[in-house]
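Report on the structure given below.
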Amino acid sequence: MLTGTTTSAAAQFTSSPRGAQLARRFAVRRMEAWGHPPASDVSCAIALVVGELAANAVRHGRVPGRDFGLRLALDAAAGLVRVEVADAAAARLPSASAPSSCPEGESGRGLLLVDVLALRWGSAPRRPVGKTVWADVSVEAPALE
């Protein structure tokens with residue numbers, strides 16, 4: 001959970017593959033504005049998390065005529081960025097843990113990536129309808145050994 005002073009940015013995107021791509025670009029631009037260049041580890045991690053959560057919102061949470069929302073919140077004091085992707089479908093909440101994946105499968109690894117890149121992640125019902133899937137990603141530089 002974010003604890004300190006936060007800076008945030010939010011946008012709505014069409015529930016389509018193009019919308020998911022634009023959400024990822026939006027996140028990279030926002031991370032750059034917050035001091036993390038596009039090629040940095042932090043920006044790449046955020047881009048992957050946003051890409052996976054947005055793709056899931058498009059694939060599993062799409063409701064015709066409804067967009068999905070992206071919110072990024074930087075808590076510099078805690079060294080975290082919270083990624084929130086909200087869609088209009090409440091029926092499919094992801095499990096609390098990353099699913100196992102068949103090595104030969106063509107999909108099913110998105111939440112595994114989120115699980116590896118995020119300190120923690122989960123989902124919550126959204127009022128009046130839908131759900132929000134969130135992930136907290138560290139923006140701290142890893143300690144050199």
| request: Taking the Cα centre of region 1-64 as origin, sum charge times position over the Cβ atoms of Lys and Arg (+1) and Asp and Glu (-1), and report the length of that vector in debye to the nearest 20. | output: 280 debye
| query | Using a 1.4 Å probe on the protein chains only, how many percent of the accessible area of region 35-74 belongs to carbon and sulfur? | reply | 53 percent
| Relative contact order (%) - region 1-68, alpha-carbon pairs under 8 angstrom, separation at least six | 38 percent
| note | The extension gain from Glu32 to Asp115, computed as 0.36 nm times the residue separation minus the Cα-Cα distance, is 27.5 nm
| task | Mind checking the per residue accessible area of region 35-83 for me, 1.4 Å probe, whole number of Å²? | result | 41 Å²
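The values are calculated or read from the model by the stated rules, or taken from the named source; none is laboratory data. In this text, all values refer to a predicted model and were calculated from it rather than measured experimentally. Glycine also receives a Cβ, built like all others from the backbone with ideal geometry; neighbour counts cover every protein chain displayed. The accessibility values were calculated without ligands, DNA or RNA, using every heavy atom of the protein model including side chains. Shrake-Rupley method; radii C 1.70, N 1.55, O 1.52, S 1.80 Å.
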